[in-house]
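Data block below; observations after.
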Amino acid sequence: MPQTIETKTVKHIAFLVRLGISEEEAQKFSRQFSAIIDYFNMLNEVDTTNVPPASDIANAENVLRDDIVQPSMSREEFLKNAPQSERGYIKVPTVLGD
Amino acid sequence: MRPTYEPVIGLEIHAELITNSKMFCGCSANYASAPEPNTNICPVCTGLPGALPVANKKAIELAVLVGLALNCSVNKHNTFARKNYYYPDLPKGYQISQYELPICENGWLEVEFPSPQTHQTPPLPSGEGRGVRETPLSLRERARVRVRRVHIEEDTAKLFHEKNYALVDFNRAGVPLLEIVSEPDIHSVEAALDYATKVRAILRYLGVNSGDMEKGVLRFEANVSVRPVDSDELRTRTEIKNLNSFRALTRAIAYEIERQIQIYESGGAVVQETLGWDDVRGMTTSQRSKEEAHDYRYFPEPDLPPLQLSDEWIESIRTRLPELPEAKTARFISDFGLTLSEARFLTSERTLADYFERVAAKAKSPARTVHSWIAGEFMRYLNDSGKSIEDVTLLPESFAKLIDMVTDKVISGNSAKVVLNEMLASGGDPEQIVREKNLAQVSDENQIQAIVEKILNDNPAEVEKYLAGKETLLQWFMGQVARATKGKADPNVAKELLVKSLEERRK
Amino acid sequence: MQFHTLTIRQAHQLLITKQLSSVELTQAILGRIREIDSKVKSYVTVAEELALEQAKKADERIAKGENVTPLTGIPFSMKDCISTRGVRTTCSSKILANYIPQYNATVTNKLVEAGAVLLGKTNMDEFGMGSSCENSAFFNTHNPWDLTRVPGGSSGGAAASLAAGLCLFSIGEDTGGSVRMPAGFCNVTGIKPTYGRVSRYGLIALASSFDCIGPMTRDVYDCATVLEHIAGHDPHDSTTYQTPVPKYTASIHQPIRKMKLGIPKEYFIAGMEAGVESALQEAIRQFEKLGMEIHEVSLPHTQYALPVYYLLLFAEASANLARFDGTRFGLSVAEGAKDVIDIYLQTRREGFGDEVKRRIMLGAYALSAGYYDAYYLKAQKVRTLLRRDFESAFSKVDLLLAPTCPTTAFKLGEKTSDPLEMYLSDIYVVATNPAGVPAIALPCGFSNNLPVGMQLIGKHLDEQTLFQVAHAYQQVTDWHKKIPPL
Ligand SMILES: [Mg+2]
Ligand SMILES: [Zn+2]
């Protein structure tokens, strides 16, 4: 069943992953997504009743850390890459919705 | 006459775990005592490209410990998940949490609440911390609140909102956090308070969280809806976030219950939304949510293999469970003959209960006497001095000896209070202090009789009034005796002699 | 002396016998980079100073004879998604164009400790998202065998730098063929180890449950040598195996007679380029001559490998790339930002290329409410079936043989218009990553003067067998010795 992803859906997802996109881009992606998702739908052919998802299969044994404190990285190093910082803090614009 | 409503309340409790290092990296988790921002950080907890999490064994042990204390079943196979949303306090753009398979599930906790409860919002507790109960215990009901799940996650960074920008400190980012989620089994503000109080007490008993609300190591979220009493429908609920004190918790829930009732009463409909609590204005406020459409896109964390816990390991954790408040309370009642409220008070803090037990063990006096000394003068000293019981250096032996001295009439209760405060302030042995301060009680009848005679002679007017029927003056005469003897006179003897001498004056 | 065609083993001999110094070797290779990398464009960053510094240290080690390893003094290149402290690490993305990591990946540390000499960082498809290197935000890398063609992807720069003699070995990364496919296009040997065999700490994640760092070398012996040095448990990576790393080179000469080689019938179907097909058939005959038993096997779910792989990759990538938000490192587009959300939107819009945008959006879609079961969860279940395919195949045979790509290197720009068509070129290499099994790619012939690659796929943690068989093959063939005309 060919499935289309409307531009409004594309815009919604784009915002979910914090991507600014234009109307034109939204339309282009909408076309491409529909084709790709349609291709993915071939998985519906596969019978997976009683098949566990692979993510539940531990392929490594428990790997846990002992509760021991390791030295911190230098703040100067950390802030060197920061676009904006102030008094040892990372600085960001106002945070609305809070 | 409007119908009465029943609130339906579920609580989410976020509790930081006391560990040395963070949940997924070796940075110190003790952000509270970090001198400067961004000094307990590494590539993992600041979300640098390529960094990977490794789970803290201790945090997992503590999570299981809490789950067991809350009567949960432990999932031997449990998994971490990514909760995706964007916020400057969340460095990776997702929070490592647990979703489909939390570490613990299906527990319960017994709570108490006044009966019957309706929408009439009960009086709010005045204090914080220890459960303040205003309804007599006799009028209370008990019920189980189911604990849906207990899961492990990582705390976020600290965000400081300035005028037109914000500052981020990652020292708290990645600190182990426990989320304890109840079913909506709570039907009154008081039951909610009791549940929250009990959970806090248990966390403190287990030593996994300080319960220090001011420091934000314990945070509440409540989801609230109301429905007509006797209906079992589940109506639209609202979620109140960031409740950082018991007072905020109870006030917010009470306010929200009332708000929703008003809406229904005026024929309106409650909208499902996330609310904030404005403590200053005392009202819930609609909050623009972090992730408008709450689509967190949870999926299994591929960087962390599922946890496989063995029965042996889980049982070894179970053996570390201390006696919990409820059990201790019951034992105090049966072993020490205390009343429920006396036992409740003593078991409200593990350290207090332990101290009581140590004193009671040394004292020959009845446990209830020990209780009244601890609940009375001892607590008064702690409150006045602002000290906590951990600071108390007074040896239980000495305290016990002092209490026995009162019981054996070696000193009067009033003198004992003086001695106790002396010992609490600067240690020392009760007998020695009594000797130094020469506080030994006078029980010698002749000695006291002489004093009584003098007082009666000196106060003919009062004697008149007394004999004329104003017998309440007896207390006044007692006071005079106490003053004359600096409180050392055995009150029973003094009273006896006073009455006798007064009666003799009738003739 | 022709330095740029040396194997690690040959160079090591020259170094320890003092016929050559690491500084000389490094300078020679750096010179060749200056000379011809303008045509190949395999490097994003050349760390000349650091390289010479490390080379000098290596020479001192060799002079003192102190902890000299087979890699001491050997110049190598590394895919630009592996963190190198103090050396720009870009993932060939605008968003990291000026990002200088504060820490080393575990693999970087291991190589530095071994005394290897890092020449620089190689071009790739942005964040590993692509099969031709054309998704680099900076420039295209050209195939040394035909500069009008792609080197394959996403480790195209790594493969090209090695084929062009601009390093003695390269460290690539394989999420769904990203080492093997370009190895095939560029006529080099490369291995995708068992998932969890090599630490991912410091590797900038594409798909966390698929990503595998793997060496690219001139022959199998070198490949075994490098893997010995970078593999092993890492306390910083919870998904690495604790199982000790065997000394692959010690047993690489063991006989392969009577070993069972499986030919998955689903991999030999219409659509394969004729020259590729015949090269593969010739290789099979070669293994028969080497005394191996050839068995046809079936991997019934092969056709679903591609959708499973891409769905899960998109989902994991959508979360892995969320941290690039312009607040702590990398590009930050803050002009006129009133709210922090504006920084996110603007930075990610300008910082990511179209393929990255497509994938993180599709990943979010596959995980979003209402679609999770149909896409993400379904893919995880079919992934289990893919694993079972391999398990049952390996109950019958010791290893499998398959092509690395249905075609030889295609023309630059040939497939850029249609993303889906580009995805299809990974058809033979993706299945191993969801299954986690190891696979080694090696040259097996030419088709109209372009290299053809094949891959041998093994059981979990059985790199050993792959090396033995591949090594035996290279003892009787010399495809791997062919050098591009540059
Ligand atoms: Mg939570
Ligand atoms: Zn850290």
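At 0.36 nm per residue, and after removing the present C-alpha to C-alpha distance, how many nm does the segment from B:Gln308 to B:Ser73 gain when stretched out fully? Before the final figure, lay out the partial values.
Numbers: separation 235, 0.36 × 235 = 84.60 nm, distance 1.45 nm.
Full-extension gain reported as 83.2 nm.
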Pair B:Gln475, B:Met283: separation of 7 Å Cα→Cβ label points (nm)
4.8
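Thinking of region B:26-115 as a set of Cα atoms, what percent of all their pairs are more than 22 Å apart? Numbers along the way, then the final one.
On the way: 1877 of 4005 pairs.
So the portion of pairs separated by more than 22 Å is 47 percent.
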Quick one: if you stick a label point 7 Å off each Cα along the C-beta vector at A:Ala35 and C:Ala274, how many nm between them?
2.9
Given that compact globular proteins tend to follow 2.2 N^0.38 Å, what is the ratio of the alpha-carbon Rg of region C:155-200 to that value?
1.09
If N is the residue count of the protein assembly as shown, its Cα Rg over 2.2 N^0.38 Å rounds to 1.20
Sum of side-chain charges, C:Gln475 neighbourhood, beta-carbon under 13 Å (Lys, Arg +1; Asp, Glu -1)
0
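Cα-Cα over 20 Å: which of C:Lys64/C:Lys121; B:Lys158/B:Lys241; C:Lys265/C:Lys411; B:Lys454/B:Lys486; C:Lys18/C:Lys79; C:Lys258/C:Lys396?
Values: C:Lys64/C:Lys121 30 Å; B:Lys158/B:Lys241 16 Å; C:Lys265/C:Lys411 29 Å; B:Lys454/B:Lys486 16 Å; C:Lys18/C:Lys79 30 Å; C:Lys258/C:Lys396 13 Å.
C:Lys64/C:Lys121; C:Lys265/C:Lys411; C:Lys18/C:Lys79, as the Cα separations exceed 20 Å there.
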So what are the three principal axis dimensions of chain C from its Cα atoms, in whole Å, longest to shortest?
65, 53, 44
So, counting K/R as plus one and D/E as minus one, what does the shell of residues with Cβ under 14 Å around B:Gln432 add up to?
-2
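DSSP loop (so not H, G, I, E, B), at most 13 other Cβ within 10 Å: list which GluC sites (Glu not before Pro) in region C:285-350 pass both filters.
The qualifying sites are C:Glu335.
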C:Glu66-B:Lys215 FRET efficiency (beta carbon distance; Förster radius 60 Å; 0.05 resolution)
0.70
When B and A pair up, the total accessible heavy-atom area removed from solvent (1.4 Å probe), in Å² to nearest 100, is 3900
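Suppose a student asked you for the relative contact order of chain B, using Cα pairs under 8 Å spaced at least 6 residues apart; what percent would you report? Don't skip to the answer; put the middle values down first.
Numbers: 894 pairs, mean separation 75.1, N = 507.
So the answer I get is 15 percent.
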For region B:389-437, what is the Kirkwood hydrodynamic radius in Å, using each pair of distinct C-alpha atoms?
10.7
Give me, ordered by chain and number, the residues 5 or more places off B:Val145 or on other chains with an amide H under 5 Å from its own placed amide H.
B:Leu109, B:Glu110, B:Val111
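C plus B alone minus the pair: what accessible area, both sides summed, probe 1.4 Å, in Å² to 100?
Working: alone 18080 and 24200 Å², together 39620 Å².
Buried: approximately 2700 Å² between B and C.
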Please work out how much accessible surface B:Met478 shows to a 1.4 Å probe, ignoring ligands, DNA and RNA, in Å² rounded to 10.
30
Step by step: find N for region C:306-433, compute 2.2 N^0.38 Å, then divide the Cα radius of gyration by it. What's the final number?
1.35
With each run of n ≥ 4 DSSP H residues scored as -39500 (n - 2.57), what mean residue ellipticity at 222 nm is computed for chain C after dividing by its residue count and rounding to the nearest 500 deg cm²/dmol?
-12000 deg cm²/dmol
Under 21 Å Cα-Cα from B:Lys76, which lysines qualify once same-chain neighbours fewer than 8 residues away are excluded?
B:Lys57, B:Lys58
Between region C:1-59 and region B:172-201, what is the separation of their alpha carbon centroids in Å?
63
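Would you kindly calculate the translational diffusion coefficient of region B:349-453, applying Stokes-Einstein with the Kirkwood radius from alpha carbon pairs, for 37 °C and a viscosity of 0.692 mPa s, and quote it in µm² s⁻¹ without decimals? Before the final figure, lay out the partial values.
Working: Rh = 14.3 Å.
Value of D from the Cα-based Kirkwood radius: 229 µm²/s.
Can you give the FRET efficiency for B:Ile333 and B:Gln272, using 1/(1 + (r/R0)^6), R0 = 45 Å, r = Cβ-Cβ distance, to the nearest 0.05? All intermediate terms of the calculation are to be shown ahead of the outcome.
Numbers: r = 44 Å, r/R0 = 0.99.
Step by step, r from the Cβ atoms, then E = 0.50.
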With the Cα gyration tensor of region B:256-316 in hand, give its eigenvalues times 5 under a square root as the equivalent ellipsoid semi-axes, listed largest first in whole angstrom.
41, 18, 14
Going by a 1.4 Å probe on protein heavy atoms, which residues of region C:96-116 end up with at least 50 Å² less accessible surface in the whole assembly than in their chain alone?
C:Gln102, C:Tyr103
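Within 11 Å, Cβ to Cβ, of B:Arg227, how many net charges do the neighbouring residues add up to if Lys/Arg are +1 and Asp/Glu are -1? Don't jump to the answer; show the numbers that get you there.
Details: positive: B:Arg235, B:Arg237; negative: B:Glu6, B:Asp230, B:Asp232, B:Glu233.
Around B:Arg227, the charge tally is -2.
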Taking a probe of 1.4 Å, how large is the accessible area per residue of the protein assembly as shown, in Å²?
37
Kirkwood Rh in Å, taken over chain B so that all alpha-carbon pairs contribute:
26.8
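Run the numbers on region B:1-87 and let me know its relative contact order in percent, using alpha-carbon pairs under 8 Å that are six or more apart.
On the way: 50 pairs, mean separation 18.8, N = 87.
Across region B:1-87, relative contact order equals 22 percent.
Test of understanding: given chain C, find the longest segment containing no trypsin sites (Lys or Arg not before Pro) that are in a DSSP loop and have at most 10 other Cβ atoms within 10 Å. Write down the numbers at each step before the final one.
Numbers: sites that count: C:Lys18, C:Arg257, C:Lys258.
Excluding the exposed sites themselves, the longest stretch runs over C:19-256.
How big is the antiparallel share of DSSP beta bridges in chain B, given as a percent to the nearest 5?
95
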Residues in region C:278-320 near a label at C:Lys265, defined as backbone nitrogen under 16 Å from the 7 Å Cα→Cβ point?
C:294-303
What would the Debye formula give as log10 I(q)/I(0) at q = 0.14 Å⁻¹ for the alpha-carbon point model of region B:158-198, no solvent?
-0.63
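Which value, in nm² and rounded to one decimal, describes the direction-averaged projected area of the C-alpha convex hull of chain A? Working shown, then result.
Numbers: hull surface 52.9 nm².
That works out to 13.2 nm².
Can you list the GluC sites (Glu not before Pro) in region B:196-268 that are in a DSSP coil and have 15 or fewer other beta carbons within 10 angstrom?
Those that pass, being in a loop and sparsely packed, are B:Glu233.
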Accessible area buried, both sides summed, chains A and C with 1.4 Å probe, Å²
5300
Applying the Karplus parametrisation 6.51 cos²θ - 1.76 cosθ + 1.60 with θ = phi - 60° to the phi angles of region B:490-507, what ³J(HN,Hα) value in whole Hz is obtained for each residue in order, glycine and proline being reported as x?
4, x, 5, 4, 4, 4, 3, 5, 4, 4, 4, 4, 5, 4, 4, 6, 5, 7
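What's the Kirkwood radius of region C:65-131 in Å, using all Cα pairs?
The answer is 12.6 Å.
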Could you please state how large a percent of the accessible area of the protein assembly as shown is carbon and sulfur, counting protein chains only and using a 1.4 Å probe?
51
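Mind checking the alpha-carbon convex hull of region B:402-507 and giving the volume per residue in Å³?
Numbers: hull volume 10.4 nm³, N = 106.
It comes to 98 Å³ per residue, whole-number rounded.
The values are calculated or read from the model by the stated rules, or taken from the named source; none is laboratory data. As the structure is a computational prediction, the values presented were derived from the model and not from experiment. For neighbour counting, all protein chains shown are included, and Cβ atoms are generated from backbone atoms with ideal geometry for every residue, glycine included. Each accessible area value is taken on the protein alone, full model and side chains, heavy atoms only, with ligands, DNA and RNA left out. Shrake-Rupley method; radii C 1.70, N 1.55, O 1.52, S 1.80 Å.
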